[in-house]
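This report refers to the structure that appears directly beneath it.
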Amino acid sequence: MLMTGGADNASFEVLYEDARSLAQQKVDQIAARLRDTPTRTHVRHGEVWDKLSPIVAENGIDPIVVGTRGRGGLGKFLLGFGG
């Protein structure tokens, strides 16, 4: 798309929805493997703490475990400390 002069908003919306759908499928697969454990799943896009903090507050969650991919050192340490 970028080589043909760019992508319009509709194209980005389709790409975003495809990515969100794939993420939801993956989360559902993981939740299915945890069938004996009470589980609620959420798929969100954006800054981690901006999206996570309302879910934590609404559900009284403690502790929080967040997986990372592609972060190392200081990036891992700082993840989640922005809120």
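The values are calculated or read from the model by the stated rules, or taken from the named source; none is laboratory data. Please read all numbers here as calculations on a predicted model, not as lab measurements. A quick note on method: Cβ atoms are made from the backbone with ideal geometry, for glycine too, and the neighbour counts reach across all protein chains shown.
Things to note:
- Within region 10-51, the residues that satisfy the criterion of being hydroxyl-bearing (Ser, Thr, Tyr) and free of Cβ contacts under 8 Å to residues at least 12 places away in the same chain are 11, 21, 37, 39.
- Count of region 54-74 residues, restricted to those that are surrounded by 10 or more Cβ atoms within 10 Å (Cβ to Cβ) and at pLDDT 65 or above, is 7.
Residues checked against (1) at pLDDT below 85; (2) closer than 20 Å to residue 21 by Cβ; (3) touching an Asp or Glu at 6+ places or on another chain (Cβ under 6 Å):
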residue: 32; (1), (2), (3): no, yes, no
residue: 35; (1), (2), (3): no, no, no
residue: 46; (1), (2), (3): yes, yes, no
residue: 52; (1), (2), (3): no, no, no
residue: 76; (1), (2), (3): yes, no, no
